[in-house]
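**Student:** Sharing a structure below in structure tokens format, with a few things to ask.
The values are calculated or read from the model by the stated rules, or taken from the named source; none is laboratory data. As the structure is a computational prediction, the values presented were derived from the model and not from experiment. Every residue, glycine among them, receives a Cβ derived from its backbone with ideal geometry; neighbour counts consider all protein chains shown. Side chains are part of the model used for accessible areas, which takes the heavy atoms of the whole protein and leaves out ligands, DNA and RNA. Shrake-Rupley method; radii C 1.70, N 1.55, O 1.52, S 1.80 Å.
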Amino acid sequence: RIEYPPYQPRIREEAGKDQIFDGIRKRWVALTPEEWVRQHFLQYLLQVKQYPASLIAVEKEIRFGELKKRFDIVVYSRATKPWIVIECKEPGVVLDQKVLDQVLRYNMTLRVPYLVITNGHYSRAVAINNQTLTEIDALPDL
């Protein structure tokens, strides 16, 4: 379970739809339940873990051969190599093997040492060492 820091998101209504400002992407995005989780987890990364915003990417496209997918969050190392992949789900989605498999597929391309899945209420993180997954209790310091 993650204790999120205090956060006052910028929210507006546009054409009858709620939007939230994403400080990493520097633009307004649709305020969906998954986006709410993503924005709060980003605040955790920035405020609690103190990862620099310049080393965080949100919703970028990756390719698996002909297939195109978008990851939720990637944190890069100080050497600008992908370091942590984070998959956000809306609250209520069970963090089961199916969700873990999704982030593992992303990692076939990104090859990071850490993976995280979260639904806003709960998060699971694993370290990958020699293709072995080990559940960890906290994200590493940068």
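**Student:** Return the Rg/Rh ratio of segment 75-130 with Cα-based radii and a Kirkwood Rh.
**Tutor:** When Rh is taken as the Kirkwood radius, the ratio is 0.98.
**Student:** Hey, another quick one. Ignoring ligands, DNA and RNA, what accessible area per residue does segment 1-85 give at 1.4 Å, in Å²?
**Tutor:** On a per-residue basis, 60 Å².
**Student:** For Asp96 and Thr32, compute 0.36 nm times the residue count separating them, minus their Cα-Cα distance, and round to one decimal in nm.
**Tutor:** Contour length minus the Cα-Cα distance gives 20.9 nm.
**Student:** Provide the per residue accessible area, probe 1.4 Å, for segment 88-134, rounded to a whole number of square angstrom.
**Tutor:** With the other protein chains kept in place, segment 88-134 gives 57 Å² per residue.
**Student:** Taking the Cα centroid of segment 83-137 and of segment 2-30, what is the distance between the two, rounded to the nearest whole Å?
**Tutor:** Segment 83-137 and segment 2-30 have Cα centres separated by 24 Å.
**Student:** If you don't mind, another one. Would you mind telling me the share, in percent, of accessible area of the chain contributed by carbon and sulfur at probe 1.4 angstrom?
**Tutor:** C and S atoms contribute 48 percent here.
**Student:** If we count chymotrypsin sites (Phe, Trp or Tyr not before Pro) as exposed when they sit in a DSSP loop and have at most 16 other beta carbons within 10 Å, what is the longest stretch of the chain that avoids them all?
**Tutor:** 8-121
**Student:** At R0 = 25 Å, how high is the FRET efficiency between Thr109 and Asp141 if r is their beta carbon distance? Nearest 0.05 is fine.
**Tutor:** 0.50
**Student:** May I pose another question? Have a look at Asp96, Asp72, Asp22 and tell me which one the Gaussian network model of the chain (Cα, springs below 10 Å) gives the largest fluctuation.
**Tutor:** So, out of Asp96, Asp72, Asp22, the one fluctuating most is Asp96.
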